[in-house]
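**Student:** Handing you a structure now.
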Amino acid sequence: MKISTENLEIADEDNPDNVRVSVQHGLRHGDLHPTTFSLSDLAAGIRYTHDHSDSFTDNIIFKISDGHNEVSESYADASLQSHCYMATL
């Protein structure tokens, strides 16, 4: 599954080029590559790969920082592309 700006929106009006997103925890049923990425990487798409377990969902906690502000956001049900999550710095 591809996670991109279509289903994960992160906004920073002041410093969008400085934003870095990193996986803090979660990912019990799959892997995310890369685990740290920029908004440009997100626009291109980040790959979530399910581990073929019986669970069809995952919950990823991201740390989002622009070097000045920082938030942690939960991206639940990572295997369901129809959900959209938004974080604002």
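The values are calculated or read from the model by the stated rules, or taken from the named source; none is laboratory data. Quick caveat, the model's predicted, so the values are computed rather than measured. Note that each Cβ is placed from the backbone with ideal geometry, even for glycine, and that neighbours are counted across all protein chains shown.
**Student:** Given the conditions (1) part of a strand (DSSP E or B); (2) at pLDDT below 80; (3) surrounded by fewer than 17 Cβ atoms within 10 Å (Cβ to Cβ), which single one is not true for H25?
**Tutor:** (2)
**Student:** Hey, among the residues in the stretch 33-70 that are in a strand (DSSP E or B) and among the β-branched types (V, I, T), which one's nearest to S22 (Cα to Cα)?
**Tutor:** T36
**Student:** Would you check which residues across the stretch 14-40 are under 11 Å from the mean Cα position of the chain (by Cα) and over 19 Å from S72 (Cβ atoms) and list them?
**Tutor:** H33
**Student:** Condition first: among the hydroxyl-bearing types (S, T, Y) and either surrounded by 18 or more Cβ atoms within 10 Å (Cβ to Cβ) or not in a strand (DSSP E or B) (or both). Now tell me which residues in the stretch 1-22 satisfy that.
**Tutor:** Residues satisfying the conditions are S4, T5.
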